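Beneath this line is the structure, given in structure tokens, with notes to follow.
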Amino acid sequence: MSGSPGDSQIETGDPMGVLARYKVVVFDMDGVLWTMNDPIHHSREAVERCHTAGARVFYLTNNASISREDYVHKLARFGLITDTSAVITSAHTTAAILSQERPDARVVMIGGPGLRQELETVGLRMVPYAEGDSVDYAVVGWDTDLSYQKLAQVHGAIVRGGAEFIATNRDATYPDAGGRTLPGGGSIVAAVACSTGREPRTIGKPEPHTLRYILEVAGCAPHECLMVGDRLDTDIAVGRRVGADTALVLTGVTTAADVAAADPTERPDHVWEDLRDLR
Ligand SMILES: [Mg+2]
């Protein structure tokens with residue numbers, strides 16, 4: 001990994017030929033491959049170059065509300081043909097970790113159908129919280145049908161039922177059309193943290209669990225992996241924490257000025273205008 005100040009400059013042309021260095025390339029999706037339902041130019045060709053170079057490609061998202069099958073279908077719409085084994089969500093990693101810790105755990109949850117499906121698939125038992133019950137985990141993710149009743153269930157499970165508070169991710173906002181934002185999963189996690197006075201164990205980026213899971217599945221060392229994303233505080237941060245190389249594309253939320261203003265310890269190894277430079 002390189003780390004000189006010059007690395008924060010935007011690279012142009014074909015200066016690095018970085019692909020030969022990596023066994024695994026991990027793509028964040030929103031802001032890297034697409035914006036909402038619009039493909040970002042050059043993304044399909046970049047993924048194809050990864051395959052041609054012999055790198056294994058994974059797709060990684062904090063979004064816990066959509067199933068991996070749905071992501072496979074969305075990727076296919078943009079010409080990226082893959083299967084669920086290459087799609088890693090914070091919901092999938094949460095299910096894998098919790099089922100490994102307690103295979104038949106009782107779980108109270110707030111979250112979308114994608115999260116419920118992942119937790120049930122590995123054999124975890126989704127339960128309502130009733131007074132006097134003991135619960136293993138209270139899992140909180142993005143939920144567009146959030147209600148006071150759901151908050152009260154999770155609150156009770158944590159405060160009185162002995163459940164460990166788990167957050168799929170802490171993204172404050174969710175991207176909407178036209179550059180607007182909506183409240184993200186982190187805003188719901190914050191409500192539960194406020195009422196319970198507890199902080200959760202968080203699974204998604206920038207915590208290391210999702211990317212470590214990919215390295216384990218791929219049987220690859222951190223330095224053999226390139227993490228590509230559009231956010232310093234999640235994508236680049238998780239790559240740095242795990243010891244992978246990192247590349248930031250300026251097609252999403254982060255600007256070149258943001259990179260220049262960032263602490264050197266938070267900057268990526270590469271900064272690219274778009275994925276044309278991944279070769
Ligand atoms: Mg993104």
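When segment 141-189 is examined, which residues are found to be under 18 Å from the mean Cα position of the chain (by Cα) and aliphatic (A, V, I, L, M)? Selection gives 166, 167, 172, 182, 188, 189. Contact map, segment 19-33: residues that are touching a residue at least 60 places away in the same chain (Cβ under 8 Å) and of a type in the set (D, E, K, R) paired with residues that are near the ligand (Cβ under 7 Å from one of its atoms) and not in a loop (DSSP other than H, G, I, E, B), Cβ distance under 9 Å, separation 6+ or inter-chain. Pairs shown: 28/229; 28/235.
One line per residue, one yes/no per condition, for (1) within 15 Å of the ligand (Cβ to nearest atom); (2) over 15 Å from the mean Cα position of the chain (by Cα); (3) small (Gly, Ala, Ser):
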| site | (1), (2), (3) |
| --- | --- |
| 30 | yes, no, no |
| 35 | yes, yes, no |
| 49 | no, yes, no |
| 56 | no, yes, no |
| 62 | yes, no, no |
| 66 | yes, no, no |
| 69 | no, yes, no |
| 77 | no, yes, no |
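Of the candidates 238, 259, the single residue that is under 15 Å from residue 58 (Cα atoms), of a type in the set (Val, Ile, Thr), part of a helix (DSSP H, G or I) and touching a helix residue (DSSP H, G or I) at 6+ places or on another chain (Cβ under 6 Å) is 238. Against the condition surrounded by fewer than 21 Cβ atoms within 10 Å (Cβ to Cβ), within 16 Å of the ligand (Cβ to nearest atom) and not charged (D, E, K, R), how does residue 251 come out, does it pass? Criteria met by residue 251. Taking residue 214 as the residue in question, decide whether it is closer than 22 Å to residue 27 by Cβ and assigned to a helix (DSSP H, G or I). The answer is yes for residue 214. Annotation note: of 269, 235, the sole residue that is among the charged types (D, E, K, R) and within 16 Å of the ligand (Cβ to nearest atom) is 235. Which count do you get for residues in segment 22-51 that are hydroxyl-bearing (Ser, Thr, Tyr) and modelled with pLDDT of 95 or more? Total meeting the criteria: 2.
The values are calculated or read from the model by the stated rules, or taken from the named source; none is laboratory data. As the structure is a computational prediction, the values presented were derived from the model and not from experiment. Heads up, the Cβs are rebuilt from the backbone with ideal geometry, glycines too, and the neighbour counts pull from every protein chain shown.
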